[in-house]
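The values are calculated or read from the model by the stated rules, or taken from the named source; none is laboratory data. All values derive from a computational prediction rather than experimental measurement. Glycine gets a Cβ as well: all are built from the backbone with ideal geometry, and neighbour counts include every protein chain shown.
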Amino acid sequence: MDRGGARREPRSCPSSPHRSHDALPGHLRFGPNLLDDDTLRSDDPKPGRRARRGLPRALGMLGAFFLLALAGTLALPRPGLHAEAHARGAAEGAVTVRAGTRYPAGPVRRFLLGPGYRRAWGTPVRVEVLDLESFAGGLEPVKRGGGRQTRSLQLVGGDGRTYVFRSVDKDQATGLAPLWRATGGRLRQDQVGALHPGASLAAAGLAEAAGVLQAAPRLVVLPDAAALDSFRADFGGLLGTLEERPRGAGEGAPGFGGALGVVDTEALDSALRAHPGDRVDTLAYLAARLLDVYLGDWDRHEGQWRWARMADGGGHRWAPIPRDRDYAFADYRGPLAALARLADPKIVRFDDRYRDLEGLLVKARPLDRRLLCALPPPAWDSAAAAMRG
């Protein structure tokens with residue numbers, strides 16, 4: 001019976017145990033064979049053939065993606081410092097150089113790997129050629145430094161001081177296996193473009209304004225001259241910074257900044273045991289660490305500090321000397337950097353929001369815990385107010 005009371009005839013069922021495809025409403029029809037008996041048979045070979053045809057297609061797409069990624073990787077700069085990093089023939093006066101000709105990039109590369117400071121790396125600048133005969137009473141190269149990414153050279157001056165030359169460009173793939181250096185090493189090398197080529201110079205000016213003890217760098221090009229002796233091939237015409245290597249007083253020469261002695265962090269404990277009345281200037285260290293965060297400089301492990309023993313009334317204090325500002329203002333952008341940041345917080349961004357504070361603090365955490373935990377809150381407030389000026 002329907003709602004009007006009329007008798008309804010019973011519907012006939014199809015003879016098949018399954019409803020025919022044509023009897024279904026239109027919105028339930030998915031395909032001509034979806035509910036046919038032939039499609040429901042488990043021994044039908046057609047699904048297997050379709051799966052076998054889909055596997056090569058998937059492998060082909062995967063291979064194409066791999067080749068595309070490989071081609072893009074091989075288009076990135078080769079690791080290391082190569083001939084283009086040297087101003088060959090530079091002997092005296094000044095030369096026009098670019099900090100790095102391989103970091104400027106097109107829109108796709110800038111989108112994926114970030115804009116960084118690529119424009120600054122490719123900007124021509126006029127730089128003095130260091131006069132090895134007259135600077136500091138004459139400079140003599142003595143040995144190559146031990147940095148992994150930065151090419152460095154120690155020189156002794158006629159004034160009795162030691163100076164260190166450090167290349168502006170870096171080799172980000174040092175120590176990698178050959179295959180990884182040729183592929184992933186190119187990606188790491190490209191990210192030098194996220195570092196500012198003049199970072200150490202700008203950081204030095206800010207450190208001076210904040211009253212932080214430092215060795216101020218000077219931008220120079222080493223001469224491509226015989227005076228470099230055996231170091232000429234690696235350093236002749238190379239752009240870098242020159243700064244005094246801090247050391248204590250001795251043999252009639254004054255110490256750096258009036259220091260009686262200078263040690264690294266590893267030797268600081270022994271120095272404190274040798275002089276029980278000495279203390280570490282933790283307020284000066286706090287000021288330097290606040291400056292690190294302000295500069296976005298995450299690479300502040302224990303090896304990045306020297307400690308100067310200074311006369312202080314009737315006793316002595318050990319004042320921190322920060323060094324190596326290569327990662328000040330580091331600015332890693334783009335979707336690839338965002339993904340990598342999930343695994344490594346040190347891939348930081350430089351902006352006014354301090355979004356990557358964990359990454360800025362992680363390398364210095366052991367030294368911070370040792371020296372800063374005992375400082376009361378008013379000391380932090382005073383240091384921050386002094387930084388603001």
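Structure above, values below:
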item: Helices (runs of 4 or more DSSP H) within segment 102-209 that include 1 or more residues at negative phi, free of Cβ contacts under 8 Å to residues at least 40 places away in the same chain and surrounded by fewer than 22 Cβ atoms within 10 Å (Cβ to Cβ); result: 107-113, 118-121, 178-182
item: Failed item, numbered, when TRP298 is tested on (1) hydrophobic (A, V, I, L, M, F, W, C); (2) under 21 Å from LEU360 (Cβ atoms); (3) out of contact with any Gly (no Cβ under 6 Å at 6 or more places or on another chain); result: (3)
item: Every residue from segment 336-370 that is surrounded by 18 or more Cβ atoms within 10 Å (Cβ to Cβ), more than 22 Å from VAL280 (Cα to Cα) and in contact (Cβ under 8 Å) with a residue 60 or more places away in the chain; result: ALA337, GLY359, LEU360
item: Sole exception among (1) surrounded by 18 or more Cβ atoms within 10 Å (Cβ to Cβ); (2) closer than 30 Å to TYR163 by Cβ; (3) modelled with pLDDT of 95 or more for VAL293, by number; result: (1)
item: Of all residues in segment 333-358 being within 24 Å of TRP305 (Cβ to Cβ) and not hydrophobic (A, V, I, L, M, F, W, C), the one that is modelled with the lowest pLDDT; result: TYR354
item: Failed item, numbered, when GLY296 is tested on (1) in contact (Cβ under 8 Å) with a residue 60 or more places away in the chain; (2) under 22 Å from the mean Cα position of the chain (by Cα); (3) over 29 Å from ARG109 (Cα atoms); result: (3)
item: Single condition GLN214 does not satisfy, out of (1) surrounded by 22 or more Cβ atoms within 10 Å (Cβ to Cβ); (2) over 29 Å from HIS316 (Cα atoms); result: (2)
item: Complete set of residues in segment 103-122 that are under 17 Å from the mean Cα position of the chain (by Cα) and closer than 15 Å to LEU239 by Cα; result: ALA120, TRP121
item: Filter result (more than 21 Å from ALA90 (Cβ to Cβ), touching a Lys or Arg at 6+ places or on another chain (Cβ under 9 Å) and among the basic types (Lys, Arg)) within segment 119-169; result: ARG161
item: Candidate set: segment 235-251, residues that are of a type in the set (Asp, Glu) and at pLDDT 90 or above; chosen: the one farthest from ALA203 (Cα to Cα); result: GLU244
item: Long-range neighbours under 6 Å by Cβ, at least six apart or interchain, first residue touching a residue at least 24 places away in the same chain (Cβ under 8 Å) and under 12 Å from TRP307 (Cα atoms) within segment 258-279, second part of a helix (DSSP H, G or I) and among the small types (Gly, Ala, Ser); result: VAL263/ALA271
item: Those residues of segment 214-264 which are in a helix (DSSP H, G or I) and farther than 28 Å from ASP281 by Cα, in sequence order; result: ALA226, ALA227, LEU228, ASP229, SER230, PHE231, ARG232, ALA233, ASP234, PHE235
item: Output for segment 244-262, where each listed residue is under 30 Å from the mean Cα position of the chain (by Cα) and either more than 28 Å from ARG88 (Cβ to Cβ) or crowded, with 18+ Cβ neighbours inside 10 Å (or both); result: GLU244, PRO246, ARG247, PHE256, VAL262
